[in-house]
Amino acid sequence: MDLRDFEAFGEPGAMVYLGDCVDLMRVMPPESVDMIFADPPYRLSNGGVTFKNGSPAPVNKGTWDRSMGFQADHRFNVGWLKAARRILKPDGTIWVTGTHHIIFSLGFALQSMNFKLINQITWSKPDPPPNLLHTAFTHAHETLLWASKTRGARHTFNYDLINNPDPTSQLSSVWHIPSAPIKEKTHGRHPTQKPLRLLRRAVLASSAEGELVFDPFCGSGTTGVAAKELGRFFAGAEAEREYAGLAGRRIGAVERGAVLEKIQSTGVEDFLPGYRARRRASPD
């Protein structure tokens, strides 16, 4: 099996391959990827209840999101992380996202494989759904773990691109970013779609123009969109045809390098309408 055996969506330089991510990573060259951003299944589809469009709704994102049991879920995480480690360059880094349902499994697996944790990022959401059962605090954040392949790795961190020139206003490990807005869902919807602002920041901070970004759980293609907008190359895996097609449409609709040019010319990371042009009062 090789890459030609996978149906592809997108365009040259920003491709989404239909299939299992481990199968895809097995045919990718070793140490070929500069940055990995992974948004694996959170295993939330367990019959619970959430708040959607103003009304209670069951938590059922799809069979891919159902828990297989603690041990099987952890084996799944170990399996794809081992495959990801093989394709990551010696100085490359990996981002993984999760809630308390899987983040401890992911963190343990990363440390067991001798990845070095660089940062634990808290993505704080100003617009979380309420807790309908009144049995716990409202879930208002997700966690991102950022790790290098080894302790001696010289990872990329583009400090000047994401920070205010004022050294007292450094970007912190708490990111206040709203969920994906409606305008980012015009080509279709995915139940776990991440906001572009979140992915732009991660890609901008930890990779360089012309490098290769890989996403093993591509979903709606947000990582690919951000990578293309920032002048990076992209490859991703997606197991569901519907979402692979959605990712391909979103990637095709943006201009390569357009956002990077704006950031480089203005010196402003969060330049989009509705966002603060500069972080003056707050470091994030």
### Task
Kindly list the number of the only condition in (1) loosely packed, with under 14 Cβ neighbours inside 10 Å; (2) within 15 Å of Leu198 (Cβ to Cβ) that fails for Asp160.
(2)
### Message
Can you pull out every residue in the stretch 247-267 that is in contact with a Phe, Trp or Tyr (Cβ under 9 Å, 6 or more places away or on another chain) and surrounded by 18 or more Cβ atoms within 10 Å (Cβ to Cβ)?
### Response
Ala247, Gly248, Ile251, Val259, Ile263
### Task
Give the stretch 212-232 a look and list any residue that's closer than 19 Å to Leu161 by Cα, touching a residue at least 60 places away in the same chain (Cβ under 8 Å) and not basic (Lys, Arg), or say none.
Leu212, Val213, Thr223, Ala227
#### Entry: Selection from the stretch 2-30 of residues that are at positive phi and either assigned to a loop (DSSP other than H, G, I, E, B) or free of Cβ contacts under 8 Å to residues at least 24 places away in the same chain (or both)
Gly13, Gly19
### Residues (out of contact with any Leu (no Cβ under 6 Å at 6 or more places or on another chain), under 15 Å from Arg249 (Cβ atoms) and assigned to a helix (DSSP H, G or I)) located in the stretch 197-224
Gly224
### Task
Would you confirm whether any residue within the stretch 170-186 is on the phi > 0 side of the Ramachandran plot, touching a residue at least 24 places away in the same chain (Cβ under 8 Å) and not aromatic (Phe, Trp, Tyr)?
no
### Message
Just to confirm my filter: which strands (runs of 3 or more DSSP E) fall fully inside the stretch 43-110 and include at least 3 residues that are among the hydrophobic types (A, V, I, L, M, F, W, C), modelled with pLDDT of 95 or more and under 16 Å from Cys21 (Cβ atoms)?
### Response
88-98
## Note on the structure
Of (1) at pLDDT 95 or above; (2) under 23 Å from Gly248 (Cβ atoms); (3) assigned to a loop (DSSP other than H, G, I, E, B); (4) of a type outside the set (Asp, Glu), Gly188 satisfies every one except (1)
#### Entry: Output for the stretch 66-107, where each listed residue is farther than 21 Å from Ser32 by Cα and in contact (Cβ under 8 Å) with a residue 60 or more places away in the chain
Thr97, Ile102, Leu106
### Task
Considering each residue of the stretch 166-182, count those that are aliphatic (A, V, I, L, M) and assigned to a helix (DSSP H, G or I), and give that number.
1
### Query
Which one of the conditions (1) crowded, with 18+ Cβ neighbours inside 10 Å; (2) touching a residue at least 40 places away in the same chain (Cβ under 8 Å) does Leu110 fail to meet, given that it meets all the rest?
(2)
#### Entry: Residue in the stretch 139-153 that is farther than 27 Å from Ala109 by Cβ and either free of Cβ contacts under 8 Å to residues at least 40 places away in the same chain or not in a strand (DSSP E or B) (or both) present
no
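The values are calculated or read from the model by the stated rules, or taken from the named source; none is laboratory data. Just so it is clear, the structure is predicted and the values come from calculations on it, not from any experiment. Counting neighbours? That spans all protein chains shown, and the Cβs are built from the backbone with ideal geometry, glycine included.
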